[in-house]
1. Work out how much length residue 79 to residue 217 would gain on full extension: take 0.36 nm times their residue separation and subtract the Cα-Cα distance, in nm to one decimal.
2. Where nothing but the Cβ of Lys and Arg (+1) and of Asp and Glu (-1) is charged, how large is the charge dipole of the range 16-59 around its Cα centre, in debye to the nearest 20?
3. Whole number please: convex hull volume per residue of the Cα set in the chain, in Å³?
4. Once you order the gyration tensor axes a ≥ b ≥ c over the Cα atoms, which shape class does the range 16-59 get: rounded for a/c under 1.5, otherwise prolate or oblate by comparing a/b with b/c?
5. Assuming R0 = 22 Å, can you tell me the calculated FRET efficiency for the pair residue 242 and residue 170, based on Cβ-Cβ distance, to the nearest 0.05?
6. Less than 13 Å Cβ to Cβ from residue 143, Lys/Arg counted +1 and Asp/Glu -1: what total charge do the surrounding residues give?
7. Positive end of the charge dipole of the chain (Lys, Arg +1 and Asp, Glu -1 on Cβ, about the Cα centre): tell me which of 134, 38, 202 has its Cα farthest that way.
8. Cβ under 11 Å from residue 195's Cβ, residue 195 left aside: what net charge do those residues give with Lys, Arg +1 and Asp, Glu -1?
Amino acid sequence: MATTEHAELTSNSYIQHHLQNLTLGKLPEGYERTDGSVLVDASWTIARDAQETAEMGFWALNVDTMGWSLFLGAIFCWVFRSVAKNGTPGVPSGMQNFVESIVEFVDGNVKDIFHGKNDLIAPLALSIFCWVVLMNTMDLVPVDWLPLLFQKITGNEHAFFRVVPTTDPNVTFGIALVVFILIIYYSVKVKGVGGFLGELTLQPFGKWMMPFNLLLEGVGLLAKPVSLALRLFGNLYAGELIFLLIAMLGLWQLPLHFVWAVFHILVVLLQAFIFMMLTIVYLSMAHESH
């Protein structure tokens, strides 16, 4: 019984450790840390556990999430810029052909769905698709490799380090919030303030049901960024959790990791595609006059 409880505790602590971000934040004066030390003054520091992360509040920064997001975004920009700069009109190289196929794929979806006129939509859809694919792909890296490397580099064997940005709701809600701001902006720009408010209050039941219309349409409007963010976060978080459970199986983890990784490739690509498609659809709706 004791052995079972110990194994369960070890498994729980392993999963909790891998799901904890490397968080930078400010702890208040007089705060007692996990090692028993007490802060004389309020200090910016790295959280040592989930309780310290919660104490840091809203302005805490997940350093690993931010670092990997920016790094992968920089890779996307560098690769596409290099191909655009060095592209040839003749027989394309393998990388140029790959990049052109992605651009044509995204551009084809935009032309099929978006019926307005806006030069921002295609580049936005391309950026979202490629960036989300790169962030999702980090979930295919064995869960212990990069965290252990980071621990060896820092010399801290208990350091937290997560490498999949889309398993952090701050990232998925951040991207979804940008899309939501664009929806509001283009709704007002294309339809005018009166047209946008009329769309929220006069349909579907006419002017005599304005409060009820506003409730329905308001919920529908606010549900767009929430559904975008939670769908991406939930699928990638669940995938990461399964990889962690597989990693606890010891020698059996390699074949199972491979099988789940092959299946998870579909999730990686599909969730990026869905996020891009919904972005195009929502912005197309924002450009349509009623």
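No lab work stands behind these numbers, since they all come straight from the coordinates. These numbers were taken from a predicted model, which means no experiment stands behind them. Here the Cβ positions follow ideal geometry from the backbone for every residue, glycine too, while neighbour counts run over all protein chains shown.
1. Details: separation 138, 0.36 × 138 = 49.68 nm, distance 4.10 nm.
Residue separation times 0.36 nm, minus the Cα-Cα distance, leaves 45.6 nm.
2. In debye, rounded to 20, the range 16-59 gives about 140.
3. On the way: hull volume 62.5 nm³, N = 290.
It is 216 Å³ per residue.
4. Numbers: a/c = 2.44, a/b = 1.48, b/c = 1.64.
Oblate is the answer for the range 16-59, as a/c is 1.5 or above yet b/c matches or exceeds a/b.
5. On the way: r = 22 Å, r/R0 = 0.99.
In this case the efficiency is close to 0.50.
6. Values: positive: 162; negative: 139, 144, 240.
Here the charged neighbours net out to -2.
7. Final value for the positive-end residue is 202.
8. Details: positive: 189, 191; negative: 199, 288.
Within the 11 Å Cβ shell, the charges total 0.
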